[in-house]
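Take a look at the structure set out below.
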Amino acid sequence: RRMADTGVDAVIVLPNQLAVPDEGEHDLRPRLEQLLAETGDIPLGLYECPQPYHRLLSPDIVAWAAATGRFRYIKDTARDPARIEPKVQAAAGSPMALFNAAVGSALVSLRHGAAGVSPVAANIYPDLFAWLCNNVDHPRADWLQSRLTVMDAVVKLKYPQSAKRYLATRLGMPIGTRTRIAEHDWDGYDDLVQGALADMVAGVRARVDAT
């Protein structure tokens with residue numbers, strides 16, 4: 001409720017905070033129901049956060065959550081299109097929008113009906129993901145998907161520190177590199193890798209802008 005009072009559109013809930021690893025969805029659902037009962041009409045979202053442990057939701061509980069009308073968003077981290085599509089279908093026709101966190105399956109999930117994507121690399125080049133979301137049937141969409149997949153591997157090296165350093169050194173954003181998790185050593189090799197990423201992003205962006 002305190003978070004909702006800040007004016008956010010919805011408050012995101014992590015299912016792995018409501019059940020321990022060896023508990024099933026028969027334990028999780030009553031706790032979600034209790035949360036709904038105690039939070040009035042506050043719009044909520046779900047995020048299958050992989051830390052401190054990875055809890056993926058089944059299509060059944062996604063369908064239940066969607067049917068409540070309270071959940072507006074789910075950040076899916078299953079990665080595999082075969083596991084994502086059933087959840088897209090489970091949320092279809094409801095206020096719940098499914099966003100895929102995995103870059104490698106971004107385009108296929110969008111073509112299966114996902115509402116969007118929410119990868120860590122969107123911290124660095126969100127415009128490229130926006131273009132992909134808006135042009136899923138464009139002849140260049142598959143070309144962009146392959147480049148995004150390769151670039152994502154570089155972004156995840158020493159993430160989230162890598163993203164903050166990119167924003168500071170490559171884009172001039174007034175931001176430090178301190179993170180909420182353990183920081184890594186950063187040396188000249190890492191700068192070279194990020195420089196190569198910046199060059200690739202610029203080249204990809206130029207080709208997309210030319211379409």
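The values are calculated or read from the model by the stated rules, or taken from the named source; none is laboratory data. Computed from a predicted model, the values in this text were never measured in an experiment. Counting neighbours? That spans all protein chains shown, and the Cβs are built from the backbone with ideal geometry, glycine included. The area values use the complete protein model at the heavy-atom level, side chains included, leaving out ligands, DNA and RNA. Shrake-Rupley method; radii C 1.70, N 1.55, O 1.52, S 1.80 Å.
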Ignoring everything but the protein chains, give the 1.4 Å probe accessible area of LYS158 in square angstrom, nearest 10.
60 Å²
Protein chains only, probe 1.4 Å: how do ARG83, ARG165 rank by accessible area, largest first?
ARG83, ARG165
One computes Rg over Rh for segment 54-115 from alpha-carbon atoms, with the Kirkwood Rh, and obtains 0.93
Accessible area per residue in Å² at 1.4 Å probe, computed on the chain
53 Å²
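Counting other Cβ atoms within 10 Å, keep those with at most 12, restrict to DSSP loop, and tell me which chymotrypsin sites (Phe, Trp or Tyr not before Pro) in segment 10-107 are left.
Details: sites: TYR47, TYR53, TRP64, PHE71, TYR73, PHE99; in loops: TYR53.
Hits after loop and neighbour filter: TYR53.
Would you kindly state how much longer the chain becomes between ARG205 and VAL120 on full extension, computed as 0.36 nm times their sequence separation minus their alpha carbon distance, in nm to one decimal?
Going from the current span to full extension adds 28.8 nm.
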Which of GLN51, GLN145, GLN89 ends up with the largest GNM mean-square fluctuation for the chain, with Cα atoms connected below 10 Å?
GLN51
So what does CYS133 come to for accessible area, using a 1.4 Å probe and Å² rounded to 10?
50 Å²
Kirkwood Rh, Cα atoms: Rg over Rh of the chain:
1.00
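Per the helix-only calculation at 222 nm, which mean residue ellipticity applies to the chain, given -39500 (n - 2.57) for every DSSP H run of n ≥ 4 and division by its residues, nearest 500 deg cm²/dmol? Walk me through the intermediate numbers first.
Numbers: 8 runs with 95 residues, N = 211.
Helices in the chain give a 222 nm mean residue ellipticity of -14000 deg cm²/dmol.
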Computed over the chain: relative contact order in percent, which uses C-alpha pairs under 8 Å that are six or more apart:
12 percent
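Assuming R0 = 35 Å, what is the FRET efficiency of VAL193 and GLN89, from their Cβ-Cβ distance, to the nearest 0.05?
Working: r = 39 Å, r/R0 = 1.12.
That pair, VAL193 with GLN89, gives E of 0.35.
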How much accessible area does MET173 have with a 1.4 Å probe, in Å² rounded to the nearest 10?
90 Å²
Considering every pair of different Cα atoms, what Kirkwood radius, in Å, is found for segment 8-116?
13.9 Å
Which of the lysines could a cross-linker span from LYS87 if the Cα-Cα distance has to be under 28 Å and same-chain partners fewer than 8 positions apart are dropped?
LYS75, LYS156
Calc'd 3J(HN,Hα), segment 170-175, phi into Karplus 6.51 cos²θ - 1.76 cosθ + 1.60 (θ = phi - 60°), Hz, glycine/Pro = x, comes to 9, 10, x, 6, x, 9
List the pair-distance distribution P(r) of segment 99-175, using every Cα-Cα distance, as the percent of pairs falling in each 10 Å bin from 0 up to the bin containing the longest distance, rounded to whole percents.
19, 50, 25, 6
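Report the net charge of residues surrounding LYS158, where surrounding means a beta-carbon distance below 9 angstrom and charges are Lys +1, Arg +1, Asp -1, Glu -1.
On the way: positive: LYS156, ARG165; negative: GLU183, ASP185, ASP190.
Here the charged neighbours net out to -1.
How high is the FRET efficiency from THR169 to THR6, r the C-beta distance, R0 41 Å, rounded to 0.05? Kindly include the intermediate steps, with their values, before the conclusion.
Numbers: r = 31 Å, r/R0 = 0.75.
Efficiency for this residue pair is about 0.85.
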Carbon and sulfur atoms account, in whole percent of the 1.4 Å probe accessible area of the chain, for 53 percent
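From the C-alpha coordinates alone, can you work out the Kirkwood hydrodynamic radius of segment 1-72, in Å?
Numbers: mean 1/r = 0.0787 Å⁻¹.
Radius from the Kirkwood sum: 12.7 Å.
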